[in-house]
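Asker: Have a look at this one.
The values are calculated or read from the model by the stated rules, or taken from the named source; none is laboratory data. Because the structure is predicted, anything quoted here is derived from the model rather than measured. In this analysis, Cβ positions are derived from the backbone assuming ideal geometry, glycine residues included, and neighbour counts consider all displayed protein chains. Calculation scope for accessible area: heavy atoms of the full protein, side chains included, ligands and nucleic acids excluded. Shrake-Rupley method; radii C 1.70, N 1.55, O 1.52, S 1.80 Å.
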Amino acid sequence: MATLHYTDTGHGEPLILLHSGGMSGAEWAPQLPQLARQFRVLAPDHLGHGRSPMVAETLSIHEMGRAVLELLDELGLAQASLLGSSLGGAVALWLTVYHPDRVSKLALYRVGYRKDAATHAGTRSMADPAYWRSVGMHRWLSDIHQPQGGPDAWQTVIRRVAEALDPETTDHAHDLETLRRIVQPTLLIVGDREPVAPLAQILEMFQAMPNAGLWVMPYATHVTASNTWRAESFALEVTRFFQRRK
């Protein structure tokens, strides 16, 4: 059996939704109804998140990527499209770079192609439990990560995410030459005030990747409201992209 816990809904070409760090597959609940009308949508919990176990002492992009490959293999899927949010985008990019034959289309949401000290500072700030308490999400995180070790396990989960993206050790460390070799149709989605995946870095990606489109959300930071008032427009744009024939 595949290691990852996942939901499987809808019919059509397979689309895998890879959630952001500290969340779970439930992050995609606002988009699932629309996407499932057009695609077979798989929404796994990453390793060490939600109901998926940890398989190593630390979290790493390549281990999370291999778990997605294992899921594809178990389901008999030679290829799938990927939509990755933040940490999930790092996993989706890793899969596209190292296993391009398994990826048909790619959408990267609020994620760059490398980490540095400046962008990691924002990631570290979101590894502080006080941040999630301040925005009122700590109880939800406690509930979804209860399987990781109890009501306080969510604090370990968010710490592991920051460690997995430490620029000194992370395998989310690509270069522009690598991006130039990505031929899959790609949609880059970013807020114009994004601190963790800054617009300047996303523009580098857009200019390097030969088959990339760009959607810049106005007045948006790392929190782009894609689970509230932007949910419908987000699902619509993503659906249009994945339905494109070229």
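Asker: Quick one: count up the residues across segment 157-167 that are under 15 Å from M54 (Cβ atoms) and either in contact with a Ser or Thr (Cβ under 9 Å, 6 or more places away or on another chain) or open to solvent by less than 50 Å² (accessible area, probe 1.4 Å) (or both). Working first, answer last.
Answerer: Initially, segment 157-167 is screened for residues under 15 Å from M54 (Cβ atoms), giving 157-161, 163-164.
Next cut, either in contact with a Ser or Thr (Cβ under 9 Å, 6 or more places away or on another chain) or open to solvent by less than 50 Å² (accessible area, probe 1.4 Å) (or both) only: 157-158, 160-161, 163-164.
Selection size over segment 157-167: 6.
Asker: Cβ-Cβ below 6 Å, separation at least six or inter-chain, first residue in segment 6-27 and without any contact (Cβ under 8 Å) to a residue 40 or more places away in the chain, second acidic (D, E): which pairs?
Answerer: G25/D45
Asker: Looking at segment 181-210, which of the residues that are in a helix (DSSP H, G or I) and in contact with a Phe, Trp or Tyr (Cβ under 8 Å, 6 or more places away or on another chain) is farthest from S226 (Cα to Cα)?
Answerer: E204
Asker: Within segment 42-49, is even one residue assigned to a loop (DSSP other than H, G, I, E, B) and touching a residue at least 60 places away in the same chain (Cβ under 8 Å)? Don't jump to the end; show me each part of the working.
Answerer: Here is the first cut: in segment 42-49, the residues assigned to a loop (DSSP other than H, G, I, E, B) are 45-49.
If we keep only those that are touching a residue at least 60 places away in the same chain (Cβ under 8 Å) as well, we get 48-49.
Checked against the condition, which is being assigned to a loop (DSSP other than H, G, I, E, B) and touching a residue at least 60 places away in the same chain (Cβ under 8 Å), segment 42-49 yields at least one hit.
Asker: Something else about it: For segment 106-143, give me each residue that is open to solvent by less than 60 Å² (accessible area, probe 1.4 Å) and farther than 28 Å from L188 by Cα.
Answerer: Within segment 106-143, P129, A130, G136, H138, S142 meet the criteria.
Conditions (1) modelled with pLDDT under 95; (2) in contact with an Asp or Glu (Cβ under 9 Å, 6 or more places away or on another chain); (3) of a type outside the set (S, T, N, Q), marked per residue:
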{"residue": "S81", "(1), (2), (3)": "no, yes, no"}
{"residue": "S86", "(1), (2), (3)": "no, no, no"}
{"residue": "V91", "(1), (2), (3)": "no, no, yes"}
{"residue": "W94", "(1), (2), (3)": "no, yes, yes"}
{"residue": "P100", "(1), (2), (3)": "no, no, yes"}
{"residue": "R133", "(1), (2), (3)": "no, no, yes"}
{"residue": "G136", "(1), (2), (3)": "yes, no, yes"}
{"residue": "S142", "(1), (2), (3)": "no, yes, no"}
{"residue": "H172", "(1), (2), (3)": "no, no, yes"}
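Asker: Report, by residue number, each residue of segment 190-210 that is under 12 Å from S86 (Cα atoms) and of a type in the set (A, V, I, L, M, F, W, C).
Answerer: Across segment 190-210, the qualifying residues are V190, V196, A197.
Asker: If you take the residues of segment 34-57 that are among the small types (G, A, S) and open to solvent by 10 Å² or more (accessible area, probe 1.4 Å), which of them is modelled with the highest pLDDT? Break it down into steps so the answer makes sense when it comes.
Answerer: Quick first cut of segment 34-57, residues among the small types (G, A, S) only: 36, 43, 48, 50, 52, 56.
Of the ones still in play, those that are also open to solvent by 10 Å² or more (accessible area, probe 1.4 Å) are 36, 56.
Working: A36: 97, A56: 90.
Once the filter is applied, the top-ranked residue is A36.
Asker: Consider only pairs whose beta carbons are under 6 Å apart and that are at least six residues apart or on different chains; among these, list those whose first residue lies in segment 216-242 and is of a type in the set (F, W, Y) and whose second residue is surrounded by 15 or more Cβ atoms within 10 Å (Cβ to Cβ).
Answerer: From residues that are of a type in the set (F, W, Y), the pairs are F234/S226; F241/L187; F242/S81; F242/K105.
Asker: Let me ask another. Does W154 meet the test of being surrounded by 15 or more Cβ atoms within 10 Å (Cβ to Cβ) and over 27 Å from L179 (Cβ atoms)? Working first, answer last.
Answerer: Working: surrounded by 15 or more Cβ atoms within 10 Å (Cβ to Cβ): yes; over 27 Å from L179 (Cβ atoms): yes.
So W154 fits the description; yes.
Asker: Does V183 qualify as being under 20 Å from the mean Cα position of the chain (by Cα), within 17 Å of V97 (Cβ to Cβ) and either β-branched (V, I, T) or modelled with pLDDT under 95 (or both)? Write out each step before concluding.
Answerer: Numbers: under 20 Å from the mean Cα position of the chain (by Cα): yes; within 17 Å of V97 (Cβ to Cβ): yes; either β-branched (V, I, T) or modelled with pLDDT under 95 (or both): yes.
Against the criterion (under 20 Å from the mean Cα position of the chain (by Cα), within 17 Å of V97 (Cβ to Cβ) and either β-branched (V, I, T) or modelled with pLDDT under 95 (or both)), V183 qualifies.
Asker: Here is a list: T178, T170, T239, T224. Which entry is assigned to a loop (DSSP other than H, G, I, E, B), touching a helix residue (DSSP H, G or I) at 6+ places or on another chain (Cβ under 7 Å) and surrounded by 14 or more Cβ atoms within 10 Å (Cβ to Cβ)? Before you say what the answer is, go through the steps one by one.
Answerer: Working: T178 fails: assigned to a loop (DSSP other than H, G, I, E, B); T239 fails: assigned to a loop (DSSP other than H, G, I, E, B); T224 fails: touching a helix residue (DSSP H, G or I) at 6+ places or on another chain (Cβ under 7 Å).
After ruling out the rest, the residue left standing is T170.
Asker: Are there helices (runs of 4 or more DSSP H) fully within segment 67-152 with at least 1 residues that are in contact with a strand residue (DSSP E or B) (Cβ under 9 Å, 6 or more places away or on another chain)? List them.
Answerer: Working: elements: 87-98, 117-125, 129-134, 138-144.
Counting at least 1 such residues, we get 87-98.
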